[in-house]
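Chemist: I'd like to ask you about the structure that follows.
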Amino acid sequence: MFAALLNIRDEPIDLRQFPPGLEIVGRARRAAFTAGPGSTSASLAGRYWIVGRFRLDARDELRARLGPSAASASDAMLCLLAYAKWGESFTDFLAGDFAFVLWDDGAQCLLGARDQMGVHALFHSRTADAWLVGDSLDWLATRVPTSDALDDYWIADFLVLGVAREFERTVYRDIKRLAPAHLLKLGEGGLSLRRYWRLDIPEPVYLHRAEAYCERFRELLSRSVADRLPAGRVGIAMSGGLDSTTLAATAVEVTGDPSRIVAECEHYERLMHIREDHYASLAARHIGIELRIRPADDIAYDPQWRARELRSSEPMTAQINAHNMQRVAREMGAAAAVWLDGEGPDNALILERDAYLGWLRRQRSWRRLAQALIGYSAAKGLAGWAQTIGRHTRLQRKTELEPFDTLPRWLRRDFAERLALPERQESLGSGGDTSHPWHPASIDSFTSPIWQSYFDVRAFEGALGGFEWRYPYLDLRVLEFMLSVPPVPWGWKKRLIREAMRGRLPAEVLARRKTPLDCYPEVATIREVGLPVLPEDNRIAGYVDPRFLPGREASDPDLATSLNAHALDHWLARKRQ
């Protein structure tokens, strides 16, 4: 962790406010910084100090911009040199995974920044005497006198959706999360926030040759993987799907050494039958890497989870399986210090046919429209059109939609009415931006706080096992290209990746259709063993009526959603004071 304190008055810092065991890495009269495991620091010219978590992309390009003094600079020092050269606009030149605080002694101001996608967290709060900034929510909760005051909106979102709908909220009312791609400034004028980047894809990228799209994708993904490789072995969380096997094949090409790559495939033998082990084994043999197949049926849910001492800084449903997660994570950490995650293409390469074709019509881009229709027809083929006709035939039999109440029956009505939750759900949705003219679903996905929750769970898992997750497909170079290719035809069954990897992965893997999970694995286990009974003095009575929480007989979605209530009750019982 890392932490920073800035006194509101011109008085020396009381270092006892920092957690014990952390190193003081920067100190001025009104400000001080500490660093612990996983964080790094740097200083420059006796004026600038920085501490945080850093992993920059495109370092060579940044070093070239900064000049000879940056030739051998660490990522932390590169950020300082960028600030010294460009001032507060320095974030325009940074990309990667980072969260940090920076002190400018000359300007007497503290800056905090978070990367564009929000891989690393950064929190801030104010007490009567000081501003506190750091990546540990637990530490801030120990310092903020009002930490017993929880954020009802955060809790409501968690209960209903499993994630918060607003980036800035935390489970604590008076502790805020810095949103991704934002710069925080603390100085004489108090607190100010500025967004320094937006996911903006104004026009599709049109290339003259189909192969040029594939070449560009492979080039950008190779750069992304190269920037994320550690010095030793690297792990790949590899299902038998297209995205993770593409990462593994790319890592082998970049390193030139298959022995540096280890992959792990979780395989369900009883709970579902999607043959992940078969396809993952085909890919591993083809590219020559080590593959560990882990039977996952008996580790999908921990029946004794309420008795475990493991806790997270905020409520998360992953808590119901943290014990098994820790055991697996430790084995993964022993195999590699860095693991690559394959999330991203499912969201970026959505076939938004109607939105894209409609946009072309509004633009009166008749030639592009004709090309898109021809490309789409060729991509689908006869089998694809047969599926479409069958799907529309089935839909015609359903003449009306049944009304659906999105609020669970077990959510207290007075709580929902006080917060106007139906209106909140209607206005915020999942928190993303749906206004993009030709790629609304994809942009909505990547601007939603749902990603933040995903990163939090991955960070929790990595901390349990002593390793770090990295996300090559969320590299801005790769992500923006995937979002820029015309959705028709390149979004058809992720055609971009299938064509780019032709000859690099087994034909059977390339031809495999997208295979969703047959069930919720944890729910399938719960149906066998049951859920622990809530204690009589349950702490969620202000939010939930426990009498209406579903049992094993409920539908999969209802039972899965109810786990949020159980996770919240467990967290409240173990909340640090």
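Throughout, read-outs are computed from the coordinates displayed, never taken from laboratory work. Computed from a prediction, not measured in an experiment: that's the story for all the values here. Please note: Cβ atoms are built from the backbone with ideal geometry, for glycine as well, and neighbour counts cover all protein chains shown.
Chemist: Name the long-range amide H neighbours of VAL25: under 5 Å, sequence gap of 5 or more, or other chain; modelled H, no Pro or chain starts.
Modeler: Under 5 Å from the amide H of VAL25 lie the amide H atoms of PHE33, THR34, ALA35, each far enough along the sequence or on another chain.
Chemist: By what distance, in whole Å, do the Cα atoms of region 489-547 stretch along each of the three principal axes, largest value first?
Modeler: 60, 26, 15
Chemist: Restricting things to alpha carbons, tell me how big region 419-577 is in terms of Rg and Dmax, in Å.
Modeler: 20.7, 61
Chemist: A follow-up question, please. Between ILE24 and ARG294, 0.36 nm times their residue separation minus their Cα-Cα distance comes to what?
Modeler: Residue separation times 0.36 nm, minus the Cα-Cα distance, leaves 93.0 nm.
Chemist: Obtain the radius of gyration and the Kirkwood radius of region 74-142 from its C-alpha atoms and give Rg over Rh. Walk me through the numbers before you get to the answer.
Modeler: Values: Rg = 13.0 Å, Rh = 13.2 Å.
Using only Cα positions, Rg/Rh for region 74-142 is 0.99.
Chemist: Same structure, new question: Test of understanding: what is the full-extension gain from SER74 to ALA507, defined as 0.36 nm times their sequence separation minus their Cα-Cα distance? Spell out each step's value before the answer.
Modeler: Numbers: separation 433, 0.36 × 433 = 155.88 nm, distance 4.19 nm.
Full extension from SER74 to ALA507 adds 151.7 nm.
Chemist: Another question, if that's okay. Over the Cα atoms of region 100-214, each weighted equally, I'd like the Debye log10 I(q)/I(0) at q = 0.10 Å⁻¹, rounded to two decimals.
Modeler: -0.41
Chemist: What number comes out for the charge environment of GLY429, summing +1 per Lys or Arg and -1 per Asp or Glu over other residues with Cβ under 15 Å away? It would help to have the intermediate numbers written out before the result.
Modeler: Working: positive: ARG165, ARG424; negative: ASP157, GLU166, GLU423, GLU426, ASP433, ASP444.
Local charge sum for GLY429: -4.
Chemist: Taking amide H positions as placed in the peptide plane 1.01 Å from N, state which residues far from HIS267 in sequence (5 or more) or on other chains have amide H under 5 Å from it.
Modeler: ARG294, ALA296
Chemist: To make sure I understand, if each residue's beta carbon is the centre and we count other beta carbons within 10 Å, what order do ARG216, ARG275 fall in, fewest to most? Could the numbers behind the result be given before it?
Modeler: Numbers: ARG216 18, ARG275 14.
Ranking ARG216, ARG275 by Cβ neighbours within 10 Å, fewest first, gives ARG275, ARG216.
Chemist: Read phi for every residue in region 239-246 and hand back ³J(HN,Hα) as whole Hz from Karplus 6.51 cos²θ - 1.76 cosθ + 1.60, θ = phi - 60°, with x for Gly and Pro.
Modeler: The phi angles translate into 7, x, x, 6, 5, 6, 5, 5 Hz.
Chemist: Report Rg (one decimal) and Dmax (nearest whole number) for region 186-269, counting Cα atoms only, units Å.
Modeler: Every Cα atom of region 186-269 included, Rg and Dmax give 19.2, 61 Å.
Chemist: Taking H as built 1.01 Å from N, whose amide H comes closer than 5 Å to the amide H of ARG114, not counting residues under 5 places away?
Modeler: The answer is ALA181, HIS182.
Chemist: Mind computing the radius of gyration and Dmax over the alpha-carbon atoms of region 1-100? Å is fine for both.
Modeler: So, for region 1-100, Rg and Dmax equal 14.4, 42 Å respectively.
Chemist: Another one. Please identify which residues in region 59-82 have an amide N closer than 19 Å to a label point set 7 Å out from the Cα of SER222, following the Cα→Cβ vector.
Modeler: 59-61
Chemist: Could you work out the percent of alpha carbon pairs in region 214-314 separated by over 24 Å, rounded to a whole number?
Modeler: 37
Chemist: Scan the chain and hand back the longest stretch that contains none of the chymotrypsin sites (Phe, Trp or Tyr not before Pro) lying in DSSP loops with at most 15 other Cβ atoms within 10 Å. Please report the intermediate quantities before stating the final value.
Modeler: On the way: sites that count: TYR206, PHE404.
Looking at the chain, 1-205 is the longest stretch - no exposed chymotrypsin sites (Phe, Trp or Tyr not before Pro) with at most 15 other Cβ atoms within 10 Å.
Chemist: What net charge is computed for the residues neighbouring ILE8, neighbours being all others with C-beta under 11 Å from the C-beta of ILE8, Lys and Arg scored +1, Asp and Glu -1? Mind showing how you got there, number by number?
Modeler: Details: positive: ARG9, ARG30, ARG126; negative: ASP10, GLU11, ASP129, GLU188.
Counting the neighbours of ILE8, the net charge comes to -1.
Chemist: For region 262-315, which GluC sites (Glu not before Pro) pass both filters: DSSP loop (anything but H, G, I, E, B) and at most 12 other C-beta atoms within 10 Å? Could the numbers behind the result be given before it?
Modeler: On the way: sites: GLU264, GLU266, GLU269, GLU276, GLU290, GLU309; in loops: GLU269, GLU309.
Those that pass, being in a loop and sparsely packed, are GLU269, GLU309.
Chemist: Next question, about the same structure. Mind listing the phi-derived Karplus ³J(HN,Hα) values for region 286-293, rounded to whole Hz, using 6.51, -1.76 and 1.60 with θ = phi - 60°, and x for any glycine or proline?
Modeler: Working through the residues one at a time gives 5, 9, x, 10, 6, 10, 10, 9 Hz.
Chemist: For ASP10, ASP297, ASP475, what's the fewest-to-most ordering of other Cβ within 10 Å of each Cβ?
Modeler: Working: ASP10 8, ASP297 16, ASP475 25.
Final ranking by Cβ density, sparse to dense: ASP10, ASP297, ASP475.
Chemist: Counting other C-beta atoms within 10 Å, which of THR317, THR127, THR434 has the fewest, and how do the rest follow?
Modeler: Numbers: THR317 21, THR127 16, THR434 13.
Final ranking by Cβ density, sparse to dense: THR434, THR127, THR317.
Chemist: Give the label of the value calculated from the structure for Rg/Rh (Cα atoms, Kirkwood Rh), choosing from [x] 1.02; [y] 0.99; [z] 0.96.
Modeler: Looking at Rg/Rh (Cα atoms, Kirkwood Rh) for this model, the match is [z].
Chemist: Sticking with this structure for a sec: Report the charge-dipole magnitude of the chain in Debye, nearest 20, computed about the Cα centre from +1 at each Lys and Arg Cβ and -1 at each Asp and Glu Cβ. Walk me through the numbers on the way to the answer.
Modeler: Working: 76 positive and 77 negative charges, 280 e Å.
That gives a dipole near 1340 debye.
Chemist: If each of ASP60 and THR255 carries a label point 7 Å out from its Cα toward its Cβ, how far apart are those two points in nm?
Modeler: That separation, rounded to one decimal, is 2.0 nm.
Chemist: Let me test this: with uniform point scatterers at the alpha carbons of region 311-365, what is the Debye-based log₁₀ I(q)/I(0) at q = 0.15, 0.22, 0.27, 0.29 1/Å?
Modeler: -0.69, -0.98, -1.03, -1.04
Chemist: Then there's this: Find how many whole Å separate the alpha carbon centroid of region 1-64 from the alpha carbon centroid of region 162-211.
Modeler: 22
Chemist: Taking the Cα of ARG327, stepping 7 Å toward and past its beta carbon, and measuring to each backbone N in region 452-487: which are under 20 Å?
Modeler: Zone members listed by number: 460-467.
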